Amino acid sequence: IDAILSTTMRLIGEKGIDAVTMKEVGALAGGPIATVYHYFPSKSAILAMLYERFSEVSRARLTDILADVREAKDVIAAADRLLDDYLGRVAGDPAIQDLQNAIQADKALKNLDIAETRHQARMFCDHVTALIEPGKHEQFERMVLLIFQLAGGVVRLALAEGEAQSRQTIEDYRSIIHTQLRLFL
């Protein structure tokens, strides 16, 4: 399974998701096409597993970053670190960009992404809600979900722009995040 997944991810980075075939994955992973289909009945199934692995790493990184949040002032710094980490991961691997674009194009996978975003936003809120003014928790949770969901689109936009514009887009989004978080801290 790992050979199939790593081969698929490499091919996505080299050729783009649309150009990758199950036959090619099987041949380059060192096995017959029947082996690929045994574990993954479709390319979408492979993408779902790749996305799950990406999400597992994202959750682990989120947990590590949140470990440093002890006071209200730490929340904005954690949000900055999360944005920078996410941008760095996506910018550093073209296959991740293509994987995320493919996830958005497939309805079932898009629903997986929304559920994962909700889960990660909930992780963030669960860790910092005690630092938020009482009576504002529900509003804070809604705002955090939007910040998490919009981050993917902002990063995709930034990566499609030139370097100077890309930096400005990320800094503009960072400013929006700071402004929104300060409403609750």
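Every number here is computed from the coordinates shown, using simple stated rules; none is lab data. Since we're looking at a predicted model, the values are computed, not measured. Virtual Cβ from ideal backbone geometry, glycine too; neighbours counted across all protein chains shown.
Quick notes
- Estimated at 0.36 nm per residue, the fully extended path between Ile33 and Ile176 surpasses their Cα-Cα distance by 46.7 nm.
- Packing-based exposure ordering (other Cβ within 10 Å, fewest first) of Ile1, Ile46: Ile1, Ile46
- Projecting the Cα positions of Gln165, Gly135, Ala67 onto the charge dipole of the stretch 51-182 (unit charges on Cβ atoms of Lys, Arg, Asp and Glu, taken about the Cα centre) puts Gly135 furthest along the positive direction.
- Reachable lysines, given that their alpha-carbon falls under 16 Å from the alpha-carbon of Lys107 and they are not under 8 places away in the same chain: Lys43
- Note on the chain: GNM, Cα springs under 10 Å; of Arg81, Arg59, Arg167, the largest mean-square fluctuation is that of Arg167.
- Percentage, to the nearest whole number, of Cα pairs in the chain over 27 Å apart: 35 percent
- Part-to-part distance (alpha-carbon centres) for the stretch 55-85 and the stretch 4-20, which is given in Å: 30 Å
- The chain: angle of helix 137-160 to the longest principal axis, Cα-based, in degrees nearest 10: 50 degrees
- Note on the chain: with a GNM built from Cα contacts shorter than 10 Å, the maximum mean-square fluctuation among Tyr51, Tyr39, Tyr86 falls on Tyr39.
- Of the residues Asp2, Asp64, the one with the fewest other Cβ atoms within 10 Å heads the list, and the complete ranking is Asp2, Asp64.
- Toward the positive end of the charge dipole of the chain, with +1 on the Cβ of Lys and Arg and -1 on the Cβ of Asp and Glu, the farthest Cα among Thr8, Ile96, Leu185 is that of Thr8.
- The stretch between Thr21 and Lys73, if pulled fully straight at 0.36 nm per residue, gains 13.9 nm over its current Cα-Cα span.
- Residue-averaged 222 nm ellipticity for the chain, from DSSP H runs of 4+ at -39500 (n - 2.57), nearest 500: -27500 deg cm²/dmol
- Dipole magnitude of the chain, debye to nearest 20 (Cβ charges: Lys/Arg +1, Asp/Glu -1, about Cα centre): 300 debye
- Theoretical gain in end-to-end length, Ser42 to Arg122 [0.36 nm per residue, Cα-Cα removed]: 25.7 nm
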